[in-house]
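Report on the following structure.
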Amino acid sequence: MTEGDPGSGASAAGPRVGETVERFELERAWLVDPVSGREGPGEIVVTDGILESVVWLEGDEAAGVTDAGVVVAPGLFDLHAHFREPGFEDAETVATGSAAAAHGGFTTVALMPNTSPAADDPSVVERIRSAARASGSPVEVLVYGAVSAGRAGEQLSAMGELADAGVLGYSDDGAPVRTAGLLRSALLYAGMLGLPIVEHAEDPELTAGAEANEGYVASVLGLAGWPTAGEVNAVARDLAVLADALGDQPAARLHLTHVSTAAALDLVRRARAAGLPVTCDVTPHHLAFTDEWLAGARRWAWEALGADGSPRDPWADGVLTAVPYNTSLRVNPPLRTAADAAACLAALIDGTADAVATDHAPHTVVDKEVEFGQAASGISGIETALGILLSLVDAGRLPLARAVAALTTGPASVAAASARTAGMPAARPRGLIEGAPADLVVFDRSDNWRVATESLRSRGKNSPLIGRELPGRVLVTIASGRLAYADPDAGSE
Ligand SMILES: [Zn+2]
């Protein structure tokens, strides 16, 4: 690649995906280093896969370089993704998911164990790892083990063996840990092993048959309501059980994933203030979309908030531009109100939410082209996460540095919070660190890209953003010194 031309990596002379990046230089870009807390004009040089130099420019040399153009950040880390292998390869494979991750700027992904069979014993973990090696992608694939055998919620999985196999933690995601008693046992055992429990907080008694966030939009659309209490109740249970378990096992750690309501985030905020070892993440879709999208609105969540902090009325505002009941919007937890989305953003900014995790949930067309309430839950989101966060930055709602941290040092800090994961590469400092293997993403904030079924590398085309443009085209992703993604069109436009 030639100097100052980040796109030339796609040329015939550049490395191919999986190959070591022998030489990559970028002049006069905007560097964001969430470890040092520094951002500004700079230059980087990668040699033989190593980030050889990071130079911060000053004075005349820095003139004209702003954060509105080409940005270099550490490779992104997704704490929550579904690559569907083994068992659901029609929806995604480890190879296609890794390609999608790299296109989205991610160099590390943590995969949920709700495969078939579930990752409840080391042989399944090894199958996933072997698929990752065979893919040729340098994206680092981490795996969670199931909390319960078969994710059935009855008895604990082979947690000790899974720990020996190197899982990042345990989750029954797709569903909560079924009972408080099982959760308590899991927190004790996982704590002893130095690993966290990653919880999908949902009270299934309150959400049985639910289709959409309970409230005005669901009522007008005639969809069965999914109450806020379905999440708040579960988070309250989880925090109470954690507080109790800590008495017996001080190393117990809980991570709440895809928290989506203002009330549940308030519980987490208070628990953290009281010193409970709990971390949490929010998703791009809960930050950016609201339940009014089910009715056909397509304005961002922050545009749907009234001056008094309550959600605006999409019918009164005349903003219903898309066909209603689009099943790509069916997700668990459901899209909430604009006030809940604002609470997710506030939690991200004040640190109550440690990270943004995509909950990338690809599905086949067959599983989505059904009645709304019958559709599989999930959004194919790993390729649009960065663009959504950059849309928040463009709107002046989120500082660029915080957006980058939420996808780099934030997830790494969650990994660093448990004794065993703290020693894993996942918890390494996610900065622009000279002398370390190059692990970075280069994106152009001045260049939009169009989300389309053809542009998504994921097999899951279930994105409500299909047909829409997002800012921040990813030009190059380098993972552990190897090429993970290069924009095929860069330099040709
Ligand atoms: Zn979940």
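Considering each of V282, V365, V370, V323 in turn, give the residue that is at negative phi and crowded, with 24+ Cβ neighbours inside 10 Å.
Working: V365 fails: crowded, with 24+ Cβ neighbours inside 10 Å; V370 fails: crowded, with 24+ Cβ neighbours inside 10 Å; V323 fails: crowded, with 24+ Cβ neighbours inside 10 Å.
Result: V282 is the single residue among V282, V365, V370, V323 that is at negative phi and crowded, with 24+ Cβ neighbours inside 10 Å.
Could you please give the count of residues in segment 123-166 that are in contact (Cβ under 8 Å) with a residue 60 or more places away in the chain and touching a strand residue (DSSP E or B) at 6+ places or on another chain (Cβ under 9 Å)?
Restricting attention to segment 123-166, the residues satisfying the condition of being in contact (Cβ under 8 Å) with a residue 60 or more places away in the chain are 136-140, 142, 163, 166.
From the residues that got through so far, the ones that are touching a strand residue (DSSP E or B) at 6+ places or on another chain (Cβ under 9 Å) too are 137-140, 142, 163, 166.
The qualifying residues number 7.
Residues A102, A95, A68: which one is assigned to a helix (DSSP H, G or I), of a type outside the set (S, T, Y), surrounded by fewer than 24 Cβ atoms within 10 Å (Cβ to Cβ) and more than 16 Å from the ligand (Cβ to nearest atom)? Working first, answer last.
Numbers: A102 fails: surrounded by fewer than 24 Cβ atoms within 10 Å (Cβ to Cβ); A68 fails: assigned to a helix (DSSP H, G or I).
Just a single option satisfies the conditions, and that option is A95.
Residue by residue, here is whether (1) modelled with pLDDT under 95; (2) more than 27 Å from G174 (Cα to Cα); (3) within 16 Å of the ligand (Cβ to nearest atom) holds:
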position	(1), (2), (3)
R299	no, yes, no
L305	no, yes, no
D354	no, no, no
V365	yes, no, no
Q374	yes, no, no
P399	no, yes, no
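Residues to consider are A419, A426; find the one that is farther than 27 Å from V323 by Cα, open to solvent by less than 10 Å² (accessible area, probe 1.4 Å) and at pLDDT below 95.
Values: A419 fails: open to solvent by less than 10 Å² (accessible area, probe 1.4 Å).
None of the others qualify; the one that does is A426.
Conditions (1) part of a helix (DSSP H, G or I); (2) open to solvent by 30 Å² or more (accessible area, probe 1.4 Å); (3) free of Cβ contacts under 8 Å to residues at least 40 places away in the same chain; (4) within 14 Å of the ligand (Cβ to nearest atom), marked per residue:
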| residue | (1), (2), (3), (4) |
| --- | --- |
| L188 | yes, yes, no, no |
| V198 | no, no, no, yes |
| V217 | yes, no, no, no |
| R237 | yes, yes, no, no |
| L242 | yes, no, no, no |
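Right, A341: in a helix (DSSP H, G or I) and of a type in the set (G, A, S) or not?
On the way: in a helix (DSSP H, G or I): yes; of a type in the set (G, A, S): yes.
Yes: the conditions hold for A341.
Which numbered condition in (1) farther than 18 Å from H363 by Cβ; (2) assigned by TED's automatic domain parsing to the domain that holds D359 is the only one that R84 fails?
(1)
Enumerate the pairs (first residue in segment 463-478 and closer than 12 Å to F443 by Cβ; second residue anywhere and basic (K, R) and not in a strand (DSSP E or B)) with beta-carbon separation below 9 Å, excluding pairs fewer than 6 apart on the same chain, so at least 6 apart or on different chains.
Listed by first residue and then by second, the contacts come to P471/R445; G472/R445; R473/R445.
Just checking, how many residues over segment 461-473 are open to solvent by less than 10 Å² (accessible area, probe 1.4 Å) and out of contact with any strand residue (DSSP E or B) (no Cβ under 8 Å at 6 or more places or on another chain)?
1
Run down A338, A403, A347, A395 and say which single residue is in contact with a Leu (Cβ under 7 Å, 6 or more places away or on another chain) and closer than 24 Å to A68 by Cα. Break it down stepwise before answering.
Numbers: A338 fails: closer than 24 Å to A68 by Cα; A347 fails: closer than 24 Å to A68 by Cα; A395 fails: in contact with a Leu (Cβ under 7 Å, 6 or more places away or on another chain).
Residue meeting the stated conditions: A403.
Could you list, in sequence order, all residues of segment 244-264 that are away from the ligand (no atom under 16 Å from the Cβ) and either among the hydrophobic types (A, V, I, L, M, F, W, C) or in contact with a strand residue (DSSP E or B) (Cβ under 6 Å, 6 or more places away or on another chain) (or both)?
Of segment 244-264, the ones away from the ligand (no atom under 16 Å from the Cβ) are 244-253, 262-263.
Of everything in segment 244-264, those that are away from the ligand (no atom under 16 Å from the Cβ) and either among the hydrophobic types (A, V, I, L, M, F, W, C) or in contact with a strand residue (DSSP E or B) (Cβ under 6 Å, 6 or more places away or on another chain) (or both) turn out to be A245, L246, A251, A252, A262, A263.
Could you please give the count of residues in segment 133-179 that are buried (at least 16 other Cβ atoms within 10 Å of the Cβ) and not in a helix (DSSP H, G or I)?
Of the residues in segment 133-179, 30 are buried (at least 16 other Cβ atoms within 10 Å of the Cβ) and not in a helix (DSSP H, G or I).
Please verify whether S328 is open to solvent by less than 20 Å² (accessible area, probe 1.4 Å) and under 14 Å from the mean Cα position of the chain (by Cα), treating the condition exactly as stated.
Working: open to solvent by less than 20 Å² (accessible area, probe 1.4 Å): yes; under 14 Å from the mean Cα position of the chain (by Cα): no.
Here the answer is no, as S328 does not meet what is asked.
Name the residues in segment 373-387 that are over 17 Å from V109 (Cβ atoms) and either open to solvent by less than 10 Å² (accessible area, probe 1.4 Å) or within 11 Å of the chain's Cα centre (by Cα) (or both), would you? Reasoning before the result, please.
At the first step, the residues of segment 373-387 found to be over 17 Å from V109 (Cβ atoms) are 373-377, 387.
Result: A375, G387.
Does segment 111-122 contain any residue that is over 30 Å from G431 (Cβ atoms), charged (D, E, K, R), surrounded by fewer than 24 Cβ atoms within 10 Å (Cβ to Cβ) and out of contact with any His (no Cβ under 6 Å at 6 or more places or on another chain)?
The answer is yes, given that some residue of segment 111-122 is over 30 Å from G431 (Cβ atoms), charged (D, E, K, R), surrounded by fewer than 24 Cβ atoms within 10 Å (Cβ to Cβ) and out of contact with any His (no Cβ under 6 Å at 6 or more places or on another chain).
Looking only at segment 438-450, which residues are in contact (Cβ under 8 Å) with a residue 60 or more places away in the chain and surrounded by fewer than 23 Cβ atoms within 10 Å (Cβ to Cβ)? Walk me through it before giving the result.
Keep residues of segment 438-450 that are in contact (Cβ under 8 Å) with a residue 60 or more places away in the chain, which gives 438-446, 449.
Residues satisfying the conditions are D444, R445, S446, W449.
Can you pull out every residue in segment 246-270 that is more than 13 Å from D350 (Cα to Cα) and open to solvent by less than 10 Å² (accessible area, probe 1.4 Å)?
A252, L254, H255, L256, T257, H258, V259, S260, T261, A264
What's the number of the condition L223 fails, among (1) open to solvent by 10 Å² or more (accessible area, probe 1.4 Å); (2) in contact (Cβ under 8 Å) with a residue 60 or more places away in the chain; (3) touching a strand residue (DSSP E or B) at 6+ places or on another chain (Cβ under 8 Å); (4) in a helix (DSSP H, G or I)?
Of (1) open to solvent by 10 Å² or more (accessible area, probe 1.4 Å); (2) in contact (Cβ under 8 Å) with a residue 60 or more places away in the chain; (3) touching a strand residue (DSSP E or B) at 6+ places or on another chain (Cβ under 8 Å); (4) in a helix (DSSP H, G or I), only one is false for L223: (4).
Please give the number of the condition G194 fails out of (1) over 26 Å from R129 (Cβ atoms); (2) away from the ligand (no atom under 16 Å from the Cβ); (3) of a type outside the set (S, T, N, Q).
For G194, the exception is condition (1).
What's the number of the condition I349 fails, among (1) open to solvent by 10 Å² or more (accessible area, probe 1.4 Å); (2) part of a loop (DSSP other than H, G, I, E, B)?
Exception for I349: condition (2).
Output the qualifying pairs, or none if there are none: Cβ atoms under 6 angstrom, residues six or more apart or on different chains, first residue in segment 328-349 and basic (K, R), second residue within 16 Å of the ligand (Cβ to nearest atom) and open to solvent by 30 Å² or more (accessible area, probe 1.4 Å).
R330/S377
Could we say that W302 is open to solvent by less than 40 Å² (accessible area, probe 1.4 Å) and touching a Lys or Arg at 6+ places or on another chain (Cβ under 6 Å) here?
Working: open to solvent by less than 40 Å² (accessible area, probe 1.4 Å): yes; touching a Lys or Arg at 6+ places or on another chain (Cβ under 6 Å): yes.
So W302 passes the test.
Scan segment 154-185 residue by residue and report those that are within 16 Å of the ligand (Cβ to nearest atom) and not aromatic (F, W, Y).
L168, G169, S171, D172, D173, G174, A175, P176, V177, R178, L183
The values are calculated or read from the model by the stated rules, or taken from the named source; none is laboratory data. This is a predicted model, so every value here is computed, not measured. Quick reminder, even Gly has a Cβ in these numbers, built from the backbone with ideal geometry, and neighbours come from all protein chains shown. Surface areas here come from the heavy atoms of the whole protein model, side chains and all, with no ligands, DNA or RNA. Shrake-Rupley method; radii C 1.70, N 1.55, O 1.52, S 1.80 Å.
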